[in-house]
Amino acid sequence: MSEGFMAMIEVVVLLIAPLLAGGLSLIIHRSALLHAINLTSMSLLVASEIMITRTVLTDGPFTALGQLVYLDALSAFILFIIGAVGLACSLYMRSYMDEQVARGVIAPGRLNMFFFLFHMFLLAMVIATVANSVGVQWVAIEATTLTTTFLIAFWRRRQSLEAGWKYLILCSVGISLALFGVVLTYYSSLHVLGDVSEALNVTQLLPVADRLNPHVLKLAFIFILVGYGTKVGLVPMHSWLPDAYTEAPAPVAAMLAGVLEIVAVYAILRMRMIVDHALSPAFTGGLLTLLGFASFVTAAFFILIQHNYKRLFAYSSIEHMGIAMIGFGVGGPLGTFGGLLHLLNHAFAKSMAFFAAGNIHRRFHTVEIGQVHGLAIAQPWTAMALLIAGLALSALPPFASFVSEMQVVSALSAEGVPGQRLTNSSGMVTLALSDQFSRLGLTGLFLLCAVLAFSGLLYRITGMVWGTPPEGIVRGETWTLGHLPIIVLAAALVGFSFFLPQPIRQLLEQATHILLLH
């Protein structure tokens with residue numbers, strides 16, 4: 001078989017697996033069959049992603065299905081995160097969802113609807129990642145809004161319905177702004193490519209990006225950054241996120257924090273690649289750094305005052321997305337590589353944190369930090385997962401998040417904010433700020449916020465782990481399949497700080513090269 005045909009088969013499996021699983025979930029009601037379909041679908045998806053990664057690393061970027069699909073190292077890296085976290089969530093869901101049915105939280109007849117929505121959510125994120133057209137990408141990201149609204153409100157409580165509506169309204173406003181950015185991009189491309197159906201394809205836009213109208217592209221990027229930034233949870237578009245993460249089922253919260261945010265970041269980075277060919281990277285870099293610091297600073301202070309452990313993890317997500325954005329904004333090989341690695345580390349640590357949160361809620365029936373203590377006695381496996389996730393999210397060694405965060409702060413201290421040097425009409429270079437003062441000041445602010453977030457997160461988590469469990473809380477924890485992804489994720493978070501597997505390192509290096517190729 002030809003390489004092109006094999007690549008097409010890999011892409012078809014990637015798309016068909018969640019679509020078929022979602023369709024089967026609508027007509028099947030037996031719990032065991034739904035879980036089997038879920039795990040089979042995820043296994044096929046992961047297998048196709050592995051094959052795609054091998055193809056990309058060996059042969060470079062490729063298109064498939066008549067230019068509808070475009071895959072390079074950057075999209076393969078995002079697919080790796082989707083597959084890894086998605087498979088972990090599927091393993092965790094076996095015990096989690098069955099217990100919710102046994103307790104009467106979910107009617108047995110509604111379980112299949114949960115799996116249908118989950119697979120459609122997964123499919124939408126895969127399409128957003130592999131789509132060649134930024135227009136199709138927008139449609140797919142909008143589809144994630146529709147599916148996740150129902151997943152967030154799945155418990156049908158007043159608070160979950162309120163969180164779902166808030167998420168729907170704010171993300172719909174954001175996605176509408178992103179659509180305006182896509183329309184502006186199309187308007188700019190018309191003057192170069194003409195009125196063709198492929199005028200929004202990345203493969204068509206990148207070669208002619210330097211001929212696109214820079215003023216229109218500036219506006220387009222701002223709208224797209226604000227629009228997709230709402231999905232990422234960047235400040236000030238973040239207000240939906242704490243409520244949604246608190247009310248969503250644990251595996252859904254893990255997918256929102258570990259995958260959806262990262263897919264939205266990917267959409268921003270794809271647009272940035274086009275804009276940076278027409279403008280100086282200082283423009284996009286400055287905006288990313290600004291929103292990154294706004295998110296990092298805001299989240300660090302809000303972490304200190306949280307009394308709800310799910311909201312605690314929600315603000316931690318805002319913090320870490322801010323750190324990644326600072327890395328991408330500062331740019332350079334170190335900042336960009338650090339930003340990508342930080343996305344991976346955050347996906348693993350945050351999904352493990354929400355698995356632990358789901359276990360805690362099932363045992364203690366509360367999300368209040370003050371009412372949870374003695375986890376080490378009541379739920380030793382969960383206590384270990386919570387502590388490891390907390391240490392990783394605090395970026396303490398030997399966890400890989402320490403490595404990526406140090407790469408970002410090192411790039412910041414070495415490079416500073418892009419675009420500090422401006423050229424006046426006489427051609428003389430003037431300094432908008434003292435280079436050295438700016439770098440030292442921003443590095444100091446970064447480290448201060450890191451210390452605040454570290455202190456707040458560990459203070460809350462250690463208070464939950466140690467002590468004596470409240471009266472009436474069952475002590476001891478039975479091993480289930482849901483503990484397997486926790487152990488694997490914990491091993492990865494520690495192991496990646498010492499050794500990155502060669503395929504992952506190659507993906508990161510090639511993705512970094514793609515983002516820096518202006």
Quickly estimate the mean residue ellipticity at 222 nm for the chain, helices only: each DSSP H run with n ≥ 4 gives -39500 (n - 2.57), and the total goes over all residues, rounded to 500.
-26000 deg cm²/dmol
Could you list which residues have their amide H under 5 Å from that of G482, counting only those 5 or more apart in sequence or on another chain, with H placed in the peptide plane?
S95
Set the Förster distance to 56 Å, then compute FRET efficiency between H215 and E368 from the Cβ-Cβ distance, nearest 0.05.
0.65
Looking at the P(r) of region 218-377, how many percent of alpha-carbon pairs lie beyond 23 Å?
37
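Where a ≥ b ≥ c are the square roots of the eigenvalues of the C-alpha gyration tensor, would you call the chain rounded, which needs a/c under 1.5, or, failing that, prolate if a/b is larger than b/c, or oblate?
Since a/c reaches 1.5 but b/c is at least a/b, the shape of the chain is classed as oblate.
When a/c reaches 1.5 or more, the comparison of a/b and b/c decides; with that in mind, is region 74-180 rounded, prolate or oblate per its Cα gyration tensor?
Oblate is the answer for region 74-180, as a/c is 1.5 or above yet b/c matches or exceeds a/b.
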When only the heavy atoms of the protein chains count and the probe is 1.4 Å, how do F118, F5 rank by accessible area, highest first?
F5, F118
Which shape class, rounded, prolate or oblate, goes with region 132-253 when its Cα gyration tensor gives a ≥ b ≥ c as root eigenvalues, a/c under 1.5 marks rounded, and past that a/b bigger than b/c marks prolate?
prolate
Under the Karplus relation 6.51 cos²θ - 1.76 cosθ + 1.60, θ = phi - 60°, what is the ordered set of whole-Hz ³J(HN,Hα) values for region 172-185, x standing for Gly and Pro?
5, 4, x, 5, 5, 5, 4, 4, 4, x, 5, 4, 5, 4
Charges only on Cβ, +1 for Lys and Arg, -1 for Asp and Glu: so what's the dipole of region 277-421 about the Cα centre, in debye to the nearest 20?
300
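Taking a probe of 1.4 Å, how large is the accessible area per residue of the chain, in Å²?
Accessible surface, normalised per residue, equals 37 Å².
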Of the accessible area of the chain, with the probe set at 1.4 angstrom, what percent is carbon plus sulfur?
68
From the Cα centre of region 233-306 to that of region 460-518, the distance in Å is 20
For V69, list long-range residues whose amide hydrogen, built 1.01 Å from N in the peptide plane, is under 5 Å from its own amide hydrogen.
A64, N132
When only the heavy atoms of the protein chains count and the probe is 1.4 Å, how do T478, T53 rank by accessible area, highest first?
T478, T53
Below 20 Å, Cα to Cα, which aspartates and glutamates can K218 reach? Residues fewer than 8 away in the same chain don't count.
D210, D276
Which of L205, A153, S90, positive extreme of dipole for region 52-209 (C-beta unit charges)
A153
Dipole of the chain (Lys/Arg Cβ +1, Asp/Glu Cβ -1, origin at the Cα centre): which of M113, L515, Y187 lies farthest to the positive side?
M113
Between V101 and S455, what's the calculated FRET efficiency when r is the beta-carbon distance and R0 is 41 Å? Round to 0.05.
0.55
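I need the calculated FRET efficiency for the pair L68 and T462, taking r as the beta carbon distance and R₀ as 60 Å, to the nearest 0.05. Don't skip to the end; give the middle numbers.
On the way: r = 50 Å, r/R0 = 0.83.
Efficiency at R0 = 60 Å is approximately 0.75.
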Pull out the extension gain between Q159 and S438, defined as 0.36 nm times the separation in residues minus the alpha carbon to alpha carbon distance; nm, one decimal.
96.1 nm
In terms of solvent-accessible area of protein heavy atoms at a 1.4 angstrom probe, what is the ranking of F80, F302, highest value first?
F302, F80
HN-Hα couplings for region 333-349 via Karplus (6.51, -1.76, 1.60; θ = phi - 60°), in whole Hz with x for Gly/Pro, come out as x, 6, x, 5, 4, x, x, 5, 5, 5, 4, 5, 4, 5, 4, 6, 5
Whole Å is fine, so just give me how far the alpha carbon centre of region 90-151 lies from that of region 44-74.
23
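The values are calculated or read from the model by the stated rules, or taken from the named source; none is laboratory data. All figures in this text were calculated on a predicted structure; none of them were measured in a lab. Note: ideal-geometry Cβ built from the backbone for every residue, glycine included; neighbour counts use all protein chains shown. Surface accessibility is based on the protein's heavy atoms, side chains included, excluding ligands, DNA and RNA. Shrake-Rupley method; radii C 1.70, N 1.55, O 1.52, S 1.80 Å.
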